[in-house]
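The values are calculated or read from the model by the stated rules, or taken from the named source; none is laboratory data. These numbers were taken from a predicted model, which means no experiment stands behind them. So basically every Cβ, Gly included, is an ideal-geometry build from the backbone, and we count neighbours across all protein chains shown. Please note that ligands, DNA and RNA were not included when accessible areas were found on the heavy atoms of the full protein model with its side chains. Shrake-Rupley method; radii C 1.70, N 1.55, O 1.52, S 1.80 Å.
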Amino acid sequence: MELKRIIDRVYWLLDRRRTLVTLSAYGGDSVYGEKIFNLDGKIYREWVPYRSKFAAAFYKGLNGVDIKDGYKVLYLGASSGTTVSHVSDIIGVNGQVYAVEIAEEMAVNLILLAERRKNIFPIVGDARKPENYPSIPKCDFLYQDVAQRDQTDIFIKNADLFLKSGKIGAFAVKTRSINVSLDPREVIRNEVKKLRSKFDVIREINIYPYQKDHSLLILRKK
Ligand SMILES: C[S@@+](CC[C@H](N)C(=O)[O-])C[C@H]1O[C@@H](n2cnc3c(N)ncnc32)[C@H](O)[C@@H]1O
């Protein structure tokens, strides 16, 4: 088996098919049932595109993005920590991921995960009210996956407060959460219009068939 690097600590594992993996920063535990590979004494975790929109974007052609070792990340809509665990691998033990989740039942697993992965800082709270977060620093990367009607406003508000200028935000837009009756391409166009004054749009990646009705927008804060 051969590894092909995409970004720091994210690789294609090339065998008969290609499998996306992250180099584990915290040993060989499987977080959500993903496969673990031990290669040349290093541990890699499968990053499953049906479970993570960020992973799906790599399968749909994303071949680089500015997130790396030591980065501080603000993650909105952390759920039980599936994608957060891979972000935790990418930024490594010197990075920090502040993971916001509103649903207490989801946050329980996130808190347990953070006990094993010391670079995860769970925040049980509402991403609509970033002014209420405990004190967090300005971040190098913002990731959002909240599937709410006002998701674009949530993204802009958090980026205003916590994303450094010139840094990247990755935003999973669920078109059906915004408007079920409008053509999804029209929904994306409308949301992008709202974002243009504050962000450069780097890419829009439709992540079908891994996730229905979703695009991942890659934005750079002006
Ligand atoms: C699609 S799931 C996220 C999946 C997760 N990002 C992953 O890939 O592992 C959306 C999550 O956003 C959370 N959420 C919704 N509205 C929120 C809000 N206003 N603040 C924080 N979390 C929110 C939901 O409770 C849910 O757990």
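Look at residue 71 and say whether it is in contact (Cβ under 8 Å) with a residue 40 or more places away in the chain and open to solvent by less than 10 Å² (accessible area, probe 1.4 Å). Taking the combined requirement at face value, the residue does not satisfy it.
Taking the numbered list (1) touching a residue at least 60 places away in the same chain (Cβ under 8 Å); (2) within 9 Å of the ligand (Cβ to nearest atom); (3) more than 27 Å from residue 156 (Cβ to Cβ) in turn, residue 77 passes all entries but (3).
Candidates are the residues of segment 23-35 that are open to solvent by 30 Å² or more (accessible area, probe 1.4 Å) and in contact with a helix residue (DSSP H, G or I) (Cβ under 9 Å, 6 or more places away or on another chain); the one that is nearest to the ligand (Cβ to nearest atom) is 32. In segment 119-138 there is at least one residue matching the filter, namely being without any contact (Cβ under 8 Å) to a residue 40 or more places away in the chain and either in contact with a Cys (Cβ under 7 Å, 6 or more places away or on another chain) or closer than 23 Å to residue 50 by Cα (or both).
Annotation: residue 82 fulfils all but one of (1) under 15 Å from residue 24 (Cα atoms); (2) more than 9 Å from the ligand (Cβ to nearest atom); (3) open to solvent by 10 Å² or more (accessible area, probe 1.4 Å); the unmet one is (2).
Would you confirm whether or not segment 161-176 contains a residue that is in the same structural domain as residue 209 (by TED's automatic domain parsing), away from the ligand (no atom under 14 Å from the Cβ), of a type in the set (Val, Ile, Thr) and at pLDDT 95 or above? Looking through segment 161-176, at least one residue is in the same structural domain as residue 209 (by TED's automatic domain parsing), away from the ligand (no atom under 14 Å from the Cβ), of a type in the set (Val, Ile, Thr) and at pLDDT 95 or above.
In segment 192-217, the qualifying residues are those that are under 19 Å from residue 153 (Cβ atoms) and in contact (Cβ under 8 Å) with a residue 40 or more places away in the chain, and the one that is surrounded by the fewest Cβ atoms within 10 Å (Cβ to Cβ) is 194.
Could you please find all residues in segment 36-54 being closer than 11 Å to residue 210 by Cα and assigned to a loop (DSSP other than H, G, I, E, B)?
Passing the criteria: 48, 49, 50, 51, 52.
A quick yes/no check of all residues on (1) on the phi > 0 side of the Ramachandran plot; (2) open to solvent by less than 10 Å² (accessible area, probe 1.4 Å); (3) more than 13 Å from the chain's Cα centre (by Cα):
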{"residue": "11", "(1), (2), (3)": "no, no, yes"}
{"residue": "17", "(1), (2), (3)": "no, no, yes"}
{"residue": "47", "(1), (2), (3)": "no, yes, no"}
{"residue": "52", "(1), (2), (3)": "no, yes, no"}
{"residue": "58", "(1), (2), (3)": "no, yes, no"}
{"residue": "66", "(1), (2), (3)": "no, no, no"}
{"residue": "86", "(1), (2), (3)": "no, yes, no"}
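Picking from residues in segment 94-128 that are surrounded by fewer than 12 Cβ atoms within 10 Å (Cβ to Cβ) and charged (D, E, K, R), the one that is farthest from the ligand (Cβ to nearest atom) is 115.
Residue-by-condition table, conditions (1) at pLDDT below 95; (2) aliphatic (A, V, I, L, M); (3) more than 13 Å from the ligand (Cβ to nearest atom):
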site	(1), (2), (3)
6	no, yes, yes
11	no, no, yes
21	no, yes, yes
37	no, no, yes
45	no, no, yes
57	no, yes, no
67	no, yes, yes
73	no, yes, no
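Of the residues making up segment 170-185, just one is open to solvent by 60 Å² or more (accessible area, probe 1.4 Å) and under 17 Å from the mean Cα position of the chain (by Cα), namely 174.
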